[in-house]
Each structure stands twice: as C-alpha cells, then as structure tokens.
Amino acid sequence: MMDIASGFMQGLATAMTGEALLFCLIGVTIGTLVGALPGIGAMATISIVLPVTFTLKPLIGLIMLAGIFYGAQYGGSIASILLSIPGMASSAVTCLDGYPMARQGKAGVALLVTSVSSFVGGTVSILLLMLLAPTLAEFALRFSSVEYFLVMFLGLMGSATISSGSPVKGLTMVVLGVALGTVGTDVNSGIFRFTFGTLQLQNGFGFIAVAMGLFGVAEILSNVGKPFAMLVSAKSITVRSMLPSRQEARACVMPTVRGTGLGALFGFIPGAGSTISSYMSYALEKRLAKDPSRFGQGAVEGVAAPEAANNAAVQTSFIPMLSLGIPTDPTLAILMAAMIVHGINPGPQFITEHAPVFWGLVASFWVGNVLLLILNIPFIGLWVRLLSVPYKFLYPAVLFFVAIGVYSINNDPFDVYVAGLIGLGGYLLVGHGYPPAALLIGLVIGPMMEEHLKRAMLMSRGSFSIFLERPISAVLLAVIGLVAASTVVRLYRGRSRLAAPANP
Amino acid sequence: MEHSTSRRTARTSANLREMAVAAAIAILGLYMVWEGRSYGIGSVREMGPGYFPVALGCVLTVLGAGLVLAGRGEQRQESFRLKPLLCIVGAMIAFGYLMPRTGFVPATIALVLLSVLADKGFRLWEVAVLLVVLPVLGYVIFVAVLGMPLDAVRWGA
C-alpha cells in the first residue's frame with residue numbers, strides 16, 4: 001500500500017506540472033468535442049493525433065491521448081440529449097431518457113447530471129485502477145506463454161461473445177481479424193504469408209489503416225445522406241436551468257453508484273467495455289425502479305446510471321492494458337502503439353520498470369476528470385452551437401483527416417487504399433450485424449497469440465495437456481469453458497441482448 | 001396486410017447480400033487452407049508458418065458455411081445505395097493515388113469533389129467553401145504545425 005501511495009504522490013507531482021496540465025487540458029477538450037460529434041470518435045482522433053505525440057515526452061503524449069479517450073465519454077452524451085443521435089455508441093442509451101428530458105425543457109439538468117455522474121464513475125474507477133493494476137502486474141509476472149495464450153484466447157472470446165448481436169458473427173469477426181493478422185512476414189521462418197507479391201504487405205496490414213477504414217470510413221458510409229435536426233438553441237441553456245430539483249438529485253444517487261460499480265467491473269472484462277456497461281446499467285435501473293414505465297419518458301435515473309457506467313468502464317479498461325499489456329479495446333491498442341514507439345513496452349514489467357510513467361498517467365486521469373467536470377458545465381452552450389453544424393459539412397472533413405492521417409503513417413498511398421477498401425468491406429459486414437471492434441482486437445492480439453501458442457507447444461513438446469497441468473492455466477481454461485457454455489445456452493434460448501449500434 | 005413489392009424485393013436482396021457476405025467469408029477460409037498448406041504446416045510441437053493459417057481457415061470456412069445456412073439475421077441496413085459507397089471509397093483511392101504524384105492540394109480537391117457527390121444536398125457555394133477551407137486547414141495543421149514532409153503541390157512526376 002505504501003508503494004501505491006508514494007507512487008501516486010510522485011505521479012501527481014508530475015501530472016501537475018505546467019506541460020502535463022496543458023496537454024491534459026488539450027486532450028480532454030479534444031476528447032469532449034470529438035465525443036460529442038457523431039461520426040468521428042475517439043479512436044479516429046487518437047490515430048490522427050498520434051504522430052504529434054512522437055515529438056513530445058512519452059508521458060506527456062500518453063496523457064494527452066488518454067485524455068482524448070476518456071474525455072470522449074463525457075462528450076458523447078451531449079449529442080444524445082440534444083439530438084437523440086449518440087456521439088458514441090456508449091452514449092446511445094442516454095438518448096432514451098436524455099432526449100425526452102430535453103423536450104421537456106430539462107436539457108440543462110440532463111447535461112449536468114451526466115457530467116456529475118461521469119465524474120463519479122470515472123474517479124472511483126481510477127481508485128480501483130490504482131489498487132488493482134500493480135497487484136495484477138505482479139501476479140502476471142508468473143505467466144508463461146501457456147497462460148498468456150489462454151488469457152488472450154479468453155480476451156478474444158469475450159470480444160466475440162459479450163458484444164451484442166450474434167456471438168457467431170462476433171466470433172467470425174475475431175477469427176477474420178486474426179486471419180488478417182497472419183498476413184506478412186512469419187517471425188520464425190521469415191517467409192511471406194498472403195502478401196500477393198506486394199512490398200507493403202510484407203509488414204502486414206497496418207493496424208491504424210485498418211482501424212481507420214473500419215471505423216472512420218465505414219462510419220461515414222453508413223451516415224452519409226441521413227437527415228439531422230437540432231432541438232435546443234444555445235441561448236436556452238443557462239447555469240440556473242441546469243440545476244436539478246432536490247427530488248431529482250436524490251434520485252440520481254443510487255443509480256450513479258450502481259452504474260459505477262457495474263461499469264468498473266465490465267470495463268475490466270475483455271470484450272465488454274463502456275458500451276455494454278451503459279446498456280446493462282440502464283437495464284438494471286429500469287428493472288429496479290419502482291415505476292419502470294417512467295423510463296423512456298425522461299427519467300433522470302436513465303441518464304445518470306449509464307453515464308456513470310461508461311466512464312467507470314473506460315477507466316478500468318486501462319487495467320489489463322497497463323498491467324498485462326493486453327488491450328481490451330481497439331483504441332487502447334493505439335495507445336499501446338504510442339507507448340511502443342517511445343520504447344516503452346507494455347506488459348507486466350511496465351509498472352515496475354516505468355513506474356514514473358504509470359503513476360504520472362494515473363494521476364493525470366484524476367486531473368483530467370476534474371478538468372472535464374469544470375469544462376463541461378460552463379461550456380455547454382459552446383458544444384450546443386458546435387453541434388448545429390450539419391453532417392454534410394462534417395463528413396468530407398472527417399474523410400480528409402482520416403485520409404491524410406493514414407497517409408502520413410508511411411507516406412504510402414497503399415495505406416490509404418487499405419483504409420478505403422477495408423472501409424467498404426467493413427460497411428458491408430457491419431450492416432449485417434458483424435461487430436467491427438472484434439475484428440480489430442483479433443488483428444492486434446492474433447499475432448501475439450500465435451507466438452505464445454508456438455512457444456507453449458515447444459515447452460510441452462507438442463502436448464496440449466500442459467494447459468491443464470499448470471494451475472493458473474487450468475483456472476483460465478475453466479473460465480473459458482464457462483463463457484463458452486453460457487454463450488451456447490444464450491444461443492439456444494434464442495435470446496439476443498439489446499441491439500447496439502455498431503460504431504464505437 | 002399489405003407489403004409493397006418494392007419493400008419485399010428490398011428485403012430479399014438484403015438477405016441475398018447477407019448470404020453473399022457469409023459465403024465470401026467461407027470462401028476466404030477455403031483459400032486460407034489451400035494457401036496455408038503451401039507454407040508448410042509442420043507438427044504440433046514445431047508449428048510451421050502454415051499451421052495457424054490453416055487452422056484459422058478451417059474455422060472461418062465452418063463459420064461462414066454456418067452463417068450461410070442460418071440465412072436471415074438482423075438487418076441494419078434499410079437501404080443500400082451504391083453511389084455514395086463508390087464516391088467515398090473513390091475519394092480515398094483518388095487521394096492516395098494523387099498524394100505522391102501531385103502533392104496534397106490537388107489530392108484534397110479530388111477527395112472533396114468525390115465525397116460531396118455522395119450527398120445530394122450540396123449547394124455549389126458549400127462545396128466551394130470546403131474546397132478552400134480543407135486544404136488550407138490541412139496545410140496549417142499537418143505541414144506548418146506538425147511539420148510533416150508533404151508537398152503542397154507537385155509539378156511534374
């Protein structure tokens with residue numbers, strides 16, 4: 001515990017320096033803006049901003065990028081409340097009660113409630129991150145390839161089955177992602193796999209090009225041409241109008257607490273994340289409410305709980321990434337890429353080897369959340385005005401930023417072609433219910449999995465029983481079995497969870 | 001209960017598309033098995049470069065076939081319009097093609113022109129605004145501020 005406390009104090013000192021504060025502010029502001037704007041998300045923005053961070057100190061760059069990531073969760077609800085269009089998938093549930101609240105003239109209240117519950121969710125989860133990540137990392141130092149393979153397998157399985165929709169389609173996307181990951185030069189033998197004679201594919205499909213295509217381009221393809229209507233004018237939102245009544249304020253407390261708990265738990269689980277957390281939190285509140293019929297008509301609980309949940313989830317999702325080096329969200333994979341570029345290798349040794357970076361980053365999360373709370377409340381009018389830009393102006397700009405961002409990775413048109421074509425394929429797949437994030441997780445984790453499997457088999461001399469012989473892996477295997485069994489049961493019952501929009 | 005025939009045909013073509021997607025996945029799986037074998041499978045103990053691809057290919061084929069047989073699933077796409085698709089993807093390809101050859105101002109112009117074709121609601125002055133603002137903004141952000149080695153305009157090859 002003493003280590004944690006002293007580490008945190010040092011981290012806080014670093015996070016409060018002028019440079020760190022400035023870039024944290026920049027990051028969370030960009031994040032809020034981007035989260036609020038439908039059609040461009042945290043992931044696209046982080047990819048585009050990534051090259052900027054190469055010239056910054058590693059910690060500062062990470063602070064800014066992370067700020068964009070969790071800042072977006074604050075902004076996502078703004079469009080949900082004002083336009084009934086979610087800025088991000090994890091804010092989609094907020095439309096259900098947020099938009100009715102806006103129509104009743106309580107948009108200000110809804111916006112304040114989401115800011116405060118987001119803050120609560122985020123800060124409690126940071127506490128969990130501080131306590132759990134170092135412990136988990138220490139535990140993971142005992143992992144060998146056998147355990148890593150199973151953890152990654154579990155992660156992929158989670159991504160495939162826990163996200164909404166057909167688990168079979170989710171599994172297909174994961175496998176497709178892993179398959180795309182095999183393209184390139186085989187590490188052990190040096191031969192080229194599936195490169196079709198092109199020079200660029202010898203390095204495999206660029207992760208950012210695929211991510212931009214799948215989420216940036218595909219997103220634009222599905223949104224282009226749709227109408228767009230704005231409900232509230234900037235003038236009607238004053239600080240006064242944002243205060244909730246005493247009854248409403250009291251009604252928010254327990255939903256925020258429950259949402260935080262749920263989000264903190266789900267953020268940690270691979271495959272689950274802010275989106276699932278927000279949905280489950282809403283469903284839970286509706287089930288627990290004395291009068292469930294209020295939900296969908298402007299129930300303030302329906303706004304507080306999911307927003308607490310999605311912010312909580314986004315903070316705890318850093319735990320597997322920082323302690324094990326396994327990203328549970330495609331955006332986190334990009335953050336990991338940023339770390340690798342600076343020579344910081346994620347994995348269990350990260351926290352001990354680069355303690356100042358870890359604690360500086362965690363402390364910046366606190367700082368960032370406070371900044372966001374301060375930013376969101378007075379600047380609501382500004383966000384409202386910004387949202388009134390029609391989509392037809394936004395999407396060419398987004399496409400331009402995506403194109404130039406992708407091109408600038410290698411100054412190679414090939415990456416842009418990849419992004420465009422994957423965007424096309426992605427649009428077709430997403431339109432038929434295939435979850436895109438699952439493909440990206442497969443692409444990132446697949447090659448690592450292959451390595452670990454090869455090594456595990458070398459260790460065991462070709463015997464699969466090694467998975468049962470080692471205690472940790474046996475437990476992991478049991479968990480995998482449980483998840484598989486519950487998925488089969490779910491399939492058999494023919495019940496599917498609340499359908500989710502396919503954009504992050 | 002009346003369904004207009006156009007709605008029915010739209011639904012059927014959506015079903016066909018969904019099955020085509022699943023079939024494409026299965027075919028990709030078969031290709032992976034076929035090509036993967038040529039890389040050398042090796043043994044379980046010493047996995048060759050082809051081991052993983054072949055295994056993945058098998059799984060993909062099974063999944064793809066299963067999805068084809070399962071037939072109809074969720075239908076998110078109400079309408080499938082080809083033109084916006086081609087415009088946006090075309091815009092990306094044009095940008096990529098033109099960037100090294102002509103510098104980024106012509107590339108951006110091509111991208112903007114092609115992408116606005118995707119949305120019918122554009123007025124001429126709005127397109128003009130985008131054509132001016134985006135290259136300038138791009139230059140300021142990416143070349144001036146971020147210092148990327150991109151030529152604004154390139155004459156010749």
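The values are calculated or read from the model by the stated rules, or taken from the named source; none is laboratory data. As the structure is a prediction and not an experimental result, all values here were calculated from the model. Counting neighbours? That spans all protein chains shown, and the Cβs are built from the backbone with ideal geometry, glycine included. We work out accessible area using only protein heavy atoms, side chains counted, and drop any ligands, DNA or RNA first. Shrake-Rupley method; radii C 1.70, N 1.55, O 1.52, S 1.80 Å.
Some notes on this structure:
- Sum of -39500 (n - 2.57) over DSSP H runs of 4+, divided by residues of chain A (222 nm, nearest 500): -23500 deg cm²/dmol
- Charge dipole of the protein assembly as shown (Cα centre as origin; +1 on each Lys and Arg Cβ, -1 on each Asp and Glu Cβ, all else neutral): 1660 debye, rounded to the nearest 20.
- Neighbour net charge for A:Leu322 - beta-carbon separation under 14 angstrom, K R +1, D E -1: -3
- Proximal charge balance of A:Pro255 [Cβ under 15 Å; K/R count +1, D/E count -1]: 0
- Amide H to amide H, with H built 1.01 Å from N, B:Gly42 comes under 5 Å of B:Gly48, counting only residues 5 or more places away or on other chains.
- Extension gain from A:Gln247 to A:Ala355, taking 0.36 nm per residue of separation minus the Cα-Cα distance: 34.4 nm
- Between A and B, accessible area buried - total, square angstrom, nearest 100, 1.4 angstrom probe: 5800
- Number of partner chain Cβ atoms within 10 Å, mean per residue of A:427-436: 6
- Global geometry of the range B:78-142, whether rounded, prolate or oblate, following the gyration tensor of its Cα atoms and the 1.5 cut on a/c: oblate
- The range A:45-119: chymotrypsin sites (Phe, Trp or Tyr not before Pro) falling in loop per DSSP and having at most 14 other Cβ within 10 Å: A:Phe54
- Within chain A, longest stretch clear of exposed trypsin sites (Lys or Arg not before Pro) (DSSP loop, no more than 12 other Cβ within 10 Å): A:291-460
- For A:Ala484 and A:Leu12, the FRET efficiency from 1/(1 + (r/R0)^6), where r spans their Cβ atoms and R0 equals 41 Å, is about 0.45.
- Residue-count net charge about A:Val124 - beta-carbon cut-off 14 Å; Lys, Arg +1, Asp, Glu -1: 0
- Summed over the residues of the protein assembly as shown and divided among them, the accessible surface reaches 41 Å² per residue at a probe radius of 1.4 Å.
- Overall shape: rounded for chain A, with the ratio a/c of the largest to smallest alpha carbon gyration tensor axis below 1.5.
- Percent accessible area from carbon and sulfur atoms, chain A, protein chains only, probe 1.4 Å: 68
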